[in-house]
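Asks: Handing you a structure now.
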Amino acid sequence: MQIRPAKVEDNIKIIDVLKAGLGESLIKKTERTWQYKHLDNPFGASVVLVAEEDQRIAGVRAFMQWRWQINQKVWQAYRAVDTATHPDFQRQGIFKKLTLAALDQIADKSECFVFNTPNDNSRPGYLKMGWQIIGKIKTAVIPVFLQPALIFSHKTSFINDFSKLDILTRKYNEDLQQSGKLFTPKSTEYLQWRYQNNPMQSYNIVATPDFYMAYYVKKHRFFKELRISEFINPTKKDRKKIRQILLSEALKNRCAIITLADKDLFKLQLYGNFGPILTFKDLTGDNDLWKIAQQIDNWHYSLGDLELF
């Protein structure tokens, strides 16, 4: 069996392996979504390896490029994301072989680290390969019908204004550079790719000179959630207006809760370790980075920085 970098002409076969190994889900596995996720990413093209035997692709492993920053230092990072083994080749250790080969490849390129939020089934495999558990992602959960501002909530009229987005993201980045925390630096290009041009999830976007939000309705078995994947509001202006918009959207879509990473927007809320478990694989050898990264409170993130997509 040969482990090699994927080629563009492999994409159709890779999609077939993902479908065979993982099945379909609400997010359809298509060439378009693969192109968007692994080639159009403004951080750079993903590292993708395939396992091949007798001219058949037996497995695939993708590490998506990302960025995290501490103070002035921007770290090269990778998200361990799409991986699958074709049912005809299971129980041959392909997942481990591909992952270790991908780690060798990215370690040769630059100092970097890998992060992801694996589920209960895949997490033990990552831990055996040297990943560390950082902790559960902290999330604010806002019960919609307990909000005292609910009776004042109404459809707030606005016209999206993207003209100041460069200024807004620059202010966001500058403020976080003083925090000593890990954060993903934001830009207009990133926000357009991650939310506005995303074929995998349709986001509602609200953009003004003072804030930017991207959110969507997530359906659960017994209730619906209004999930705020991105919330950028460095000036902390218009917070009443923001709450009104979100409450109005939650009521219109019959959502029981609103969720986001920012714990200061709503007062009446639950805030705690409600998200998936974040894991981390350090390839930098930098002890200062590890001291910061091993504490979940030292990560400043939006839900969109860590949620699966």
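Nothing in this text is a laboratory measurement; each read-out follows from the coordinates by a stated rule. Keep in mind the model is a prediction, meaning the values are calculated, not measured. Ideal geometry is used to build each Cβ from the backbone, glycine not excepted, and the neighbour counts take in all protein chains shown.
Asks: Hey, could you get me the Stokes-Einstein D for the chain, Kirkwood radius over alpha-carbon pairs, 4 °C and 1.567 mPa s, rounded to whole µm² s⁻¹?
Replies: 62 µm²/s
Asks: Counting DSSP beta bridges in the stretch 152-309, what percent are antiparallel, to the nearest 5?
Replies: Antiparallel bridges make up about 75 percent of those DSSP assigns within the stretch 152-309.
Asks: Another question, if that's okay. What's the angle, to the nearest 10 degrees (0 to 90), between helix 165-177's Cα axis and the longest principal axis of the chain?
Replies: Approximately 80 degrees, to the nearest 10.
Asks: Another question, then. Say a paramagnetic label sat at a point 7 Å from the Cα of Leu146, along Cα to Cβ; which residues of the stretch 216-258 have their backbone N under 15 Å from it?
Replies: Hits in the stretch 216-258 for Leu146 at 15 Å: 256-258.
Asks: How much mean residue ellipticity at 222 nm does the chain get from its helices, if each DSSP H run of length 4 or more adds -39500 (n - 2.57) and you divide by all residues, to the nearest 500 deg cm²/dmol?
Replies: -8000 deg cm²/dmol
Asks: Normalising by the residue count of the stretch 189-232, find the relative contact order in percent from Cα pairs under 8 Å and 6+ residues apart.
Replies: Relative contact order, the stretch 189-232: 26 percent.
Asks: Restricting to Cα pairs below 8 Å that are 6+ residues apart, what does the relative contact order work out to for the stretch 139-272? Please round to a whole percent. Walk me through the numbers on the way to the answer.
Replies: Values: 211 pairs, mean separation 50.9, N = 134.
Computed value for the stretch 139-272: 38 percent relative contact order.
Asks: Also, I was wondering about something else. Which value, in debye to the nearest 20, gives the size of the charge dipole of the stretch 139-272 about its Cα centre, when Lys and Arg are +1 and Asp and Glu are -1 at the Cβ?
Replies: Here the stretch 139-272 has a charge dipole of around 480 debye.
Asks: Straight distance only, please: which lysines reach the Cα of Lys29 with their own Cα at less than 23 Å, same-chain residues fewer than 8 apart left out?
Replies: Reachable lysines: Lys7, Lys13, Lys19, Lys37, Lys96, Lys218, Lys219.
Asks: Sorted from fewest to most neighbouring beta carbons within 10 Å, what does the list Ile292, Ile242 look like?
Replies: Ile292, Ile242
Asks: Sticking with this one: Using a Gaussian network model of the chain whose springs link C-alpha atoms within less than 10 Å, name the residue from Trp193, Trp290, Trp75 with the highest mean-square fluctuation.
Replies: Result: Trp290 has the largest fluctuation of those listed.
Asks: Taking Cα atoms, how many degrees apart are the long axis of helix 11-22 and the longest axis of the chain, rounded to 10 and kept between 0 and 90?
Replies: Once rounded, the angle reads 80 degrees.
Asks: Gln132 to Lys109: extension gain in nm, 0.36 nm per residue of separation minus the Cα-Cα distance?
Replies: That works out to 6.1 nm of additional length.
Asks: Suppose we flag trypsin sites (Lys or Arg not before Pro) only when DSSP calls them loop and at most 11 other Cβ atoms lie within 10 Å. Which is the longest uninterrupted stretch of the chain?
Replies: 8-90
Asks: Need the list of lysines near Lys263 for cross-linking: C-alpha distance under 19 angstrom, and skip anything on the same chain fewer than eight residues off.
Replies: Lys136, Lys138, Lys181, Lys236, Lys237, Lys240, Lys241
Asks: Any idea what the relative contact order of the chain is, in percent, if you count C-alpha pairs under 8 Å spaced at least 6 apart?
Replies: Computed over the chain, the figure is 22 percent.
Asks: What do you get for the angle between helix 94-109 and the principal long axis of the chain? Use alpha-carbon atoms, 0 to 90 degrees, nearest ten.
Replies: With rounding to tens, the tilt is 80 degrees.
Asks: Which distance in nm do the two modelled labels at Ile205 and Asp161 give, with both placed 7 Å along the Cα-to-Cβ direction?
Replies: Modelled inter-label distance: 1.7 nm.
Asks: Here is a follow-up. Just to verify a number: FRET efficiency for Asn253 and Arg170, C-beta to C-beta distance, R0 = 30 Å, to 0.05?
Replies: For Asn253 and Arg170, the calculated efficiency is 0.40.
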